[in-house]
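Asker: Have a look at this one before I ask anything.
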Amino acid sequence: RSQERTIMMMRTFLVVLWFLFSASSIAHDLIQDDIQIVGSDNITIAILQLEEETGKSNMEVVIQACRKSKSLGADLALLPAGFINTQQDVSSALAQEAQHSSVAIAYSRSYMDSQGMSQLEAALIDRTGDVVIRFTKQNSDLPKSSQDIMVATLTIASGLSIQVGMLLTSDVHFPETSSVMMLKGAEVVLIPYMGHVDWNIVNQVMVRAFENANVYFMANSISAKSNGNSAIGDYNANVLFQANETAGIFLSSTNVTLLRNFRENTIWGDAFRRPYHYQSLCFKKSQLEKKIQVEDVKSRDSEYFILNIGLVQLAPGKSVSENRKIVEAGST
């Protein structure tokens, strides 16, 4: 019996040693690669939570991080807002890198305009080097019209095409911007962020994804003004991932088929919106009286989407996707 106990103790000791060695090896790989895997499926997005070097363009860091993201299996590399700090246009250099590495790149560049005002240029470049989204604004500004809220088709190496929207820091704090993006068909929303992120901001990301039935990816940097805590929120009201205040590359994959099935059957998104019940939020009283007749507001036979251009009438009995096409046609 004593001999059996000794043999059991030795076996247990060997199992513990094997476990500790395996865990140490995995932890070493994660530290060496500076990466955390948080999911696996159809489209894989890398959040680049990088440490900013004050007074430098940071372009070399960006190039290396994009190449690392691709080597780890990313279809898209998402950079923080303003991480690239230079007066030079970097779109050509990043387009070449996207084509070279066969990875889409979403970035935001900080620069000073001719009036000495700080500006943020944001762009999404696909894996072939084509710029599919590009806009410029002050960080604290909101889009001036629905045309400034952009959604584009992104095709990844597998051939999968997905509708991608792009917001900047302050846009997250206002639900209207996200709602317009949802109406334009955004399935995945990219947020280059700049600033302090706490649980309230993370909750905003989660709520925007939940109420609009899509997935939000937010990338923040590590700097004197930014504290990391990049996050991912999904259509099930989950915070899929939240980083800490350490620089790293974080990968997450989204099953686009599941996402689309959810969007077709959910009560969220634009399935049961009734904009004519809250049209007073969209116009001043004088404008409202001119644009909307009482019988239109009370009508049960049709619905109206209120955009900056006025009213876009939707056909009753149409599906969500059919009505979305009507909205898109009206917004142009």
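Asker: Out of everything in the stretch 87-143 that is touching a helix residue (DSSP H, G or I) at 6+ places or on another chain (Cβ under 7 Å) and of a type in the set (Ser, Thr, Tyr), what residue ends up being modelled with the lowest pLDDT?
Answerer: This residue is Ser140.
Asker: Could you list all residues from the stretch 99-122 that are outside any strand (DSSP E or B), open to solvent by less than 20 Å² (accessible area, probe 1.4 Å) and of a type in the set (S, T, N, Q)? Before you say what the answer is, go through the steps one by one.
Answerer: So in the stretch 99-122, the residues outside any strand (DSSP E or B) come out as 99-103, 113-117.
Right, trim to open to solvent by less than 20 Å² (accessible area, probe 1.4 Å) and you get 101, 103.
Ser101 - this is the single residue of the stretch 99-122 that is outside any strand (DSSP E or B), open to solvent by less than 20 Å² (accessible area, probe 1.4 Å) and of a type in the set (S, T, N, Q).
Asker: Then there's this: Any chance you could count how many residues in the stretch 232-246 are within 14 Å of Val189 (Cα to Cα) and either among the acidic types (Asp, Glu) or open to solvent by 40 Å² or more (accessible area, probe 1.4 Å) (or both)? Even if it seems obvious, please write down each step before you answer.
Answerer: To start, the set of residues in the stretch 232-246 that are within 14 Å of Val189 (Cα to Cα) comprises 232-235.
Cutting the leftovers down to either among the acidic types (Asp, Glu) or open to solvent by 40 Å² or more (accessible area, probe 1.4 Å) (or both) gives us 234.
Counting residues in the stretch 232-246 that are within 14 Å of Val189 (Cα to Cα) and either among the acidic types (Asp, Glu) or open to solvent by 40 Å² or more (accessible area, probe 1.4 Å) (or both) gives 1.
Asker: Identify all residues within the stretch 39-61 that are polar (S, T, N, Q), within 17 Å of Ser253 (Cβ to Cβ) and in a loop (DSSP other than H, G, I, E, B); write none if there are none.
Answerer: Answer for the stretch 39-61, where residues must be polar (S, T, N, Q), within 17 Å of Ser253 (Cβ to Cβ) and in a loop (DSSP other than H, G, I, E, B): Ser40, Asn42.
Asker: Scan the stretch 144-160 and give yes if some residue there is β-branched (Val, Ile, Thr), closer than 18 Å to Asp270 by Cβ, modelled with pLDDT under 90 and open to solvent by 10 Å² or more (accessible area, probe 1.4 Å), otherwise no. Even if it seems obvious, please write down each step before you answer.
Answerer: From the stretch 144-160, those β-branched (Val, Ile, Thr) are 149, 151, 153, 155-156; that's our starting set.
The next check asks that each one be closer than 18 Å to Asp270 by Cβ; those that pass are 149, 151.
Restricting the remaining residues to those that are modelled with pLDDT under 90 gives 149.
Now restrict to residues that are open to solvent by 10 Å² or more (accessible area, probe 1.4 Å): 149.
Looking through the stretch 144-160, at least one residue is β-branched (Val, Ile, Thr), closer than 18 Å to Asp270 by Cβ, modelled with pLDDT under 90 and open to solvent by 10 Å² or more (accessible area, probe 1.4 Å).
Asker: Checking the condition part of a helix (DSSP H, G or I) and either out of contact with any Phe, Trp or Tyr (no Cβ under 9 Å at 6 or more places or on another chain) or among the aromatic types (Phe, Trp, Tyr) (or both), which residue from Glu211, Glu176 passes? I'd like the intermediate steps shown before the answer.
Answerer: On the way: Glu211 fails: either out of contact with any Phe, Trp or Tyr (no Cβ under 9 Å at 6 or more places or on another chain) or among the aromatic types (Phe, Trp, Tyr) (or both).
Result of the check over Glu211, Glu176: Glu176.
Asker: Now, a different point. Please verify whether Ala271 is at negative phi, among the small types (Gly, Ala, Ser), open to solvent by 40 Å² or more (accessible area, probe 1.4 Å) and out of contact with any strand residue (DSSP E or B) (no Cβ under 8 Å at 6 or more places or on another chain), treating the condition exactly as stated. If you could, list the steps in order and put the result at the bottom.
Answerer: Numbers: at negative phi: yes; among the small types (Gly, Ala, Ser): yes; open to solvent by 40 Å² or more (accessible area, probe 1.4 Å): no; out of contact with any strand residue (DSSP E or B) (no Cβ under 8 Å at 6 or more places or on another chain): yes.
No.
Asker: Continuing with this model, one more query. Please go through the stretch 62-93 and give me each residue that is open to solvent by 30 Å² or more (accessible area, probe 1.4 Å) and in a helix (DSSP H, G or I), ordered by number.
Answerer: Gln64, Arg67, Lys68, Lys70, Ser71, Ser92, Ala93
Asker: Restricting to the stretch 228-275, and then to whatever is free of Cβ contacts under 8 Å to residues at least 40 places away in the same chain and of a type in the set (Phe, Trp, Tyr), can you tell me which residue is farthest from Val202 (Cα to Cα)?
Answerer: Selected residue: Phe272.
Asker: Residue check: is Ile105 in contact (Cβ under 8 Å) with a residue 40 or more places away in the chain and within 22 Å of Leu154 (Cβ to Cβ)?
Answerer: Working: in contact (Cβ under 8 Å) with a residue 40 or more places away in the chain: no; within 22 Å of Leu154 (Cβ to Cβ): yes.
Criteria not met by Ile105.
The values are calculated or read from the model by the stated rules, or taken from the named source; none is laboratory data. Source: prediction; values computed, not measured. Positions of Cβ are generated from backbone atoms using ideal geometry, with glycine treated the same way; all protein chains shown enter the neighbour counts. Remember, those area values only see protein heavy atoms, side chains included, never the ligands or the DNA or RNA. Shrake-Rupley method; radii C 1.70, N 1.55, O 1.52, S 1.80 Å.
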